[in-house]
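I have placed the structure first, in the form of structure tokens, so that the comments after it can refer back to it.
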Amino acid sequence: MRRFRTAAAAALTTALTVALATGCGGGTTTGGGASNSKPKELTYWASNQGSSLEHDKKVLGPELEKFEKRTGIKVKLEVIPWSNLLDRILAAASSGEGPDVLNIGNTWSSSLQKSGALLPLDDEALAKTGGKKRFSPSAFAATGQRGETPVAVPLYSLTYALYYHKKRFEQAGIDGPPKTWKELVAAGKKLTGDGRYGLAVEGGDPVENSHHAFVFAKQHGSDFFDAKGNPTFDSPGNVKAVKQYVDFVAGDRIAAKGNAEYAARQSVRDFAKGKAGMLLWQAARSQLLANGMKDGEWGVAPVPVRSASDGGQRAVNSMVAGINLAVFKDTDNRDGALEFVKFMTSTAEQKKLNDTYGSISPVLRAQQAPPRDEDEKVMRAVLADSSAPLPQVPDESKFETLVGTAMKELFADAAAGRSVTEESVRQRLGEAQQKMRK
Amino acid sequence: MSTRTERIRRAGMPYLLLVPALVLELIVHIAPMVTGIVMAFKDLTQEYIRNWGSAPWAGLGNFRIAVDFDAPVGEALLRSFGITCAFTVLAVGLAWLLGVTAAILMQDAFRGRAALRALFLTPYALPVYAAVITWSFLLQREGGLVNHVLHDQLGLVDEPPFWLVGDNSFLALVVVSVWRTWPFAFLMLTAALQNIPRDVYEASALDGAGIWRQIRHVTLPALRPVNMVLLLVLFLWTFNDFNVPFVLFGKSAPESADLISLHIYQSSFATWDFGAGSAMSVLLLLFLLVVTACYLLLTRERSRPRGR
């Protein structure tokens with residue numbers, strides 16, 4: 001009996017171990033698709049656009065009530081932080097249990113399009129939301145792979161801009177915002193000293209890193225994917241581009257070492273407190289106000305380029321950033337969802353929401369209004385003239401994760417006092433590329 | 001009614017009572033596990049997540065990539081495995097040592113013992129997310145309390161060190177993990193100590209045994225059965241820990257603290273390659289199975305002569 005018991009205990013423990021170890025996994029075969037079985041309610045997953053999740057709830061709440069009054073459809077709102085949004089969408093896709101309408105980062109469009117989790121917006125569906133022609137073409141280009149039925153419409157558009165601290169520029173005797181990277185580094189060196197720095201970077205945030213890598217690479221005439229969609233991470237131009245960005249901490253030392261661990265918008269805080277004189281950010285206004293700055297205390301300029309005479313791809317100084325609005329394929333309220341998309345992209349709502357969030361409206365009619373501030377003026381010009389969309393390939397999100405993480409490690413190397421050379425950059429990028437595997 | 005059916009009925013009763021638990025076990029544990037194993041043999045990318053049954057079979061492809069230690073994917077997995085082993089040995093060892101020390105010190109009644117015991121148990125009672133997020137604030141390079149004490153007040157280091165990126169993050173992870181798990185060891189061992197009769201200590205004291213001899217020859221042998229289970233449980237928890245590194249470091253852990261659970265998460269969720277992630281999970285499972293089986297066999301062999 002004793003022996004049997006020990007064996008049984010061993011077997012049970014083993015079984016439980018197995019269970020513990022494979023706690024992850026799962027996933028079901030979901031069939032079905034869009035239906036109209038629950039016409040009076042919608043669930044909406046909003047991304048975090050404001051200074052906090054609470055801020056978003058306050059902004060969106062009254063608009064959703066307006067929608068309910070108009071259509072009788074109750075919208076349940078959930079604001080999801082960026083760090084969780086993609087995981088939540090993937091979980092929703094594999095289980096079929098998700099929202100009806102959701103915000104996605106526009107760079108995920110192709111990847112999610114391939115997953116089939118989102119309702120393809122064919123002509124019939126698009127007509128119900130007011131049609132494709134209402135949107136700016138550059139923003140609409142980031143709603144899926146070219147030549148395929150789009151899976152989203154643009155909701156908020158953004159570009160990067162250079163924010164500079166007016167008072168600190170004055171104190172350091174710098175006339176205006178730098179136009180080239182050489183000027184930026186020179187200005188940065190003037191601003192650095194006494195525990196204060198020229199620039200703040202979000203070095204611990206892989207996504208943020210990858211966006212800068214993309215733009216810097218463009219300026220070196222280089223890309224992270226070739227025409228066939230194959231990765232070319234460690235090409236010489238990309239190596240130079242990544243090194244140039246990491247060098248703000250490693251070589252030029254115009255950004256604090258501590259930036260290597262920033263991943264929760266600490267760089268915005270540092271800029272607002274005057275600890276850093278410059279910041280490369282998208283639509284920073286609401287976050288700067290939340291950190292105690294007042295309108296007029298900062299200036300906005302386009303992100304610098306390598307040489308003022310550069311043209312074409314080399315003059316690119318921002319990605320086409322933005323948030324798209326999509327309908328989940330397994331929605332129980334297809335018509336209501338499309339109605340909601342129409343409402344959210346209506347000119348009136350667009351003006352209101354984009355003004356609050358400091359983004360630009362991708363709806364052409366809303367863009368006709370005079371710019372509300374310097375921020376919008378700069379971003380509109382950049383969006384129209386010198387921005388490029390991130391590669392619309394299904395593996396794009398892998399690029400963000402792998403290259404962004406490689407850069408995070410390079411920042412950590414620099415922070416630990418190890419030197420960052422072209423060779424070490426090439427090695428990291430090469431490893432990242434090999435992890436793409438197919 | 002014959003005595004035979006009566007006997008069968010009696011003998012069968014416990015099994016009947018177990019059926020609901022077994023069914024639940026099947027649903028909650030076994031089914032997802034089998035699913036995970038099946039996924040490891042599929043080429044499962046974002047294309048198929050809505051209907052993963054339709055993903056093409058990959059045979060052993062995912063495994064081959066995971067164990068090809070000359071290529072970056074396999075090399076990184078092996079590195080992560082090594083780090084996890086070192087981390088587990090350190091974290092479990094320290095948690096156990098702290099637990100047993102505190103339990104023995106708390107064995108005799110003194111004023112404030114109950115309060116101290118409650119205090120020791122707080123890390124275990126706190127929700128893991130809240131506790132670890134607090135640690136991440138403490139460990140920030142600028143404005144973090146740890147550096148404030150080490151650098152600003154005590155002046156032990158010339159320059160404030162990084163704890164959340166770079167090489168020190170391993171140390172930070174060990175400390176936070178030990179802080180999380182040692183109260184459990186303390187709790188288990190405190191309970192076990194209650195079962196040692198006082199007169200054994202009195203007898204050994206009469207025979208001239210000092211405190212160290214008492215610990216070695218009375219306390220520790222008496223704790224052996226509890227220790228066996230405790231170490232196994234701590235090992236499994238720590239080796240598989242996902243929450244602590246995820247909350248502390250975010251999605252991409254620093255290389256020196258790249259624990260295997262987070263590594264697998266990054267290889268599947270963050271890069272949309274779920275087949276590869278599942279294959280790595282299955283390998284991890286096999287490893288844990290072997291370790292657990294060996295551990296149980298070894299401890300059983302050794303305990304048998306004493307038991308009879």
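Side notes on the structure shown:
- Scanning region A:115-144 for residues that are part of a helix (DSSP H, G or I), surrounded by fewer than 22 Cβ atoms within 10 Å (Cβ to Cβ) and not hydroxyl-bearing (Ser, Thr, Tyr) returns A:ASP123, A:GLU124, A:ALA125, A:LEU126, A:ALA127, A:LYS128, A:LYS132, A:LYS133, A:ARG134, A:PRO137, A:PHE140, A:ALA141.
- Here is the figure for region B:46-63: residues that are facing chain A (nearest Cβ under 8 Å) and part of a strand (DSSP E or B) total 0.
- Of B:ALA185, B:ALA203, B:ALA222, all but one fail to be without any contact (Cβ under 8 Å) to a residue 12 or more places away in the chain, of a type outside the set (Val, Ile, Thr) and part of a helix (DSSP H, G or I); the exception is B:ALA203.
- Flag if B:ILE30 is in a helix (DSSP H, G or I), β-branched (Val, Ile, Thr) and within 14 Å of chain A (Cβ to nearest Cβ): yes
- Summed over region A:93-103, residues that are buried (at least 21 other Cβ atoms within 10 Å of the Cβ) and out of contact with any helix residue (DSSP H, G or I) (no Cβ under 6 Å at 6 or more places or on another chain) total 3.
- Of all positions in region A:154-165, none carries a residue that is surrounded by fewer than 24 Cβ atoms within 10 Å (Cβ to Cβ) and over 25 Å from A:ALA381 (Cα atoms).
- Pairs with Cβ under 7 Å, 6+ apart, first in region A:387-412 and within 16 Å of A:THR232 (Cβ to Cβ) and in contact (Cβ under 8 Å) with a residue 24 or more places away in the chain, second of a type in the set (Ser, Thr, Tyr) and not in a helix (DSSP H, G or I): A:LYS398/B:THR271; A:LEU402/B:THR271
- Qualifying residue in region A:243-260 (condition: farther than 22 Å from A:ASN317 by Cα, surrounded by 19 or more Cβ atoms within 10 Å (Cβ to Cβ) and more than 14 Å from chain B (Cβ to nearest Cβ)): no
- Verdict on B:ASP207 being surrounded by 13 or more Cβ atoms within 10 Å (Cβ to Cβ) and of a type in the set (Asp, Glu): no
- Filtering region B:115-130 to residues that are surrounded by 11 or more Cβ atoms within 10 Å (Cβ to Cβ), free of Cβ contacts under 8 Å to residues at least 40 places away in the same chain and more than 16 Å from B:VAL178 (Cβ to Cβ) leaves B:LEU116, B:LEU119.
- In region B:132-142, residue surrounded by the fewest Cβ atoms within 10 Å (Cβ to Cβ) [restricted to those that are over 12 Å from B:PHE249 (Cα atoms) and more than 9 Å from chain A (Cβ to nearest Cβ)]: B:THR134
- Matching residues, region A:105-149, being under 17 Å from A:THR345 (Cα atoms) and of a type in the set (Gly, Ala, Ser): A:GLY105, A:ALA125, A:ALA127, A:GLY130, A:GLY131, A:SER136, A:SER138, A:ALA139, A:ALA141, A:ALA142
- Just one of the listed residues (A:GLU183, A:GLU170) is out of contact with any strand residue (DSSP E or B) (no Cβ under 7 Å at 6 or more places or on another chain), without any contact (Cβ under 8 Å) to a residue 24 or more places away in the chain and in a helix (DSSP H, G or I), namely A:GLU170.
- Search result, residues across region B:210-219 that are of a type outside the set (D, E, K, R), part of a helix (DSSP H, G or I) and out of contact with any helix residue (DSSP H, G or I) (no Cβ under 8 Å at 6 or more places or on another chain): B:ILE211, B:TRP212
- Annotation note: Cβ proximity below 6 Å between a residue of region B:144-168 that is within 12 Å of another protein chain (Cβ to nearest Cβ) and a residue that is surrounded by fewer than 18 Cβ atoms within 10 Å (Cβ to Cβ) and not in a helix (DSSP H, G or I) (sequence gap 6+ or interchain) occurs for B:GLY166/A:ALA416.
- Residues being in a helix (DSSP H, G or I), among the aliphatic types (A, V, I, L, M) and facing another protein chain (nearest Cβ under 10 Å) - total across region B:247-260: 0
- When A:GLN171 is tested against the conditions (1) crowded, with 21+ Cβ neighbours inside 10 Å; (2) farther than 24 Å from A:GLU396 by Cβ, the lone failure is (1).
- Pair list, Cβ < 7 Å and 6+ apart or interchain, from region B:67-90 residues that are closer than 16 Å to B:LEU288 by Cβ and within 14 Å of another protein chain (Cβ to nearest Cβ) to residues that are surrounded by 16 or more Cβ atoms within 10 Å (Cβ to Cβ) and small (Gly, Ala, Ser): B:LEU77/B:ALA66
- Residue in region A:405-425 that is more than 14 Å from chain B (Cβ to nearest Cβ) and crowded, with 22+ Cβ neighbours inside 10 Å present: yes
- Index of the failed condition, B:VAL244 passing every other in (1) in a helix (DSSP H, G or I); (2) under 22 Å from B:THR101 (Cα atoms): (2)
- Residue that is farthest from the other protein chains (Cβ to nearest Cβ), among those in region A:261-276 that are within 30 Å of A:GLU423 (Cβ to Cβ) and assigned to a loop (DSSP other than H, G, I, E, B): A:TYR262
Every residue, every condition in (1) at pLDDT below 95; (2) assigned to a strand (DSSP E or B); (3) within 25 Å of A:VAL363 (Cα to Cα); (4) in contact with an Asp or Glu (Cβ under 6 Å, 6 or more places away or on another chain), yes or no:
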{"residue": "A:MET278", "(1), (2), (3), (4)": "no, yes, no, no"}
{"residue": "A:SER286", "(1), (2), (3), (4)": "yes, no, yes, no"}
{"residue": "A:GLY292", "(1), (2), (3), (4)": "yes, no, no, no"}
{"residue": "A:GLY296", "(1), (2), (3), (4)": "yes, no, no, no"}
{"residue": "A:VAL303", "(1), (2), (3), (4)": "no, no, yes, no"}
{"residue": "A:ALA308", "(1), (2), (3), (4)": "yes, no, no, no"}
{"residue": "A:LEU325", "(1), (2), (3), (4)": "no, yes, yes, no"}
{"residue": "A:ASP332", "(1), (2), (3), (4)": "yes, no, no, no"}
{"residue": "A:ASP335", "(1), (2), (3), (4)": "yes, no, yes, no"}
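- Which numbered condition B:LEU262 fails, given (1) touching a residue at least 60 places away in the same chain (Cβ under 8 Å); (2) surrounded by 20 or more Cβ atoms within 10 Å (Cβ to Cβ); (3) closer than 22 Å to A:MET407 by Cβ: (1)
- Qualifying residues in region A:238-258 (those that are outside any loop (DSSP other than H, G, I, E, B) and small (Gly, Ala, Ser)) - the one nearest to the chain's Cα centre (by Cα): A:ALA241
- The residues of region A:47-70 that are closer than 15 Å to A:ASP100 by Cβ and in contact with a helix residue (DSSP H, G or I) (Cβ under 6 Å, 6 or more places away or on another chain) amount to a single one, A:PHE67.
- Test: residue in region A:329-339 that is within 11 Å of another protein chain (Cβ to nearest Cβ) and either over 20 Å from the mean Cα position of the chain (by Cα) or surrounded by 22 or more Cβ atoms within 10 Å (Cβ to Cβ) (or both): yes
- Considering region B:42-60, and only residues there that are touching a residue at least 40 places away in the same chain (Cβ under 8 Å) and of a type outside the set (S, T, N, Q), the residue that is farthest from A:GLU431 (Cα to Cα) turns out to be B:TRP52.
The values are calculated or read from the model by the stated rules, or taken from the named source; none is laboratory data. Note that the structure is a prediction, hence the values are computed from the model and not measured. All Cβ positions, glycine included, derive from the backbone under ideal geometry; neighbour counts span all protein chains shown.
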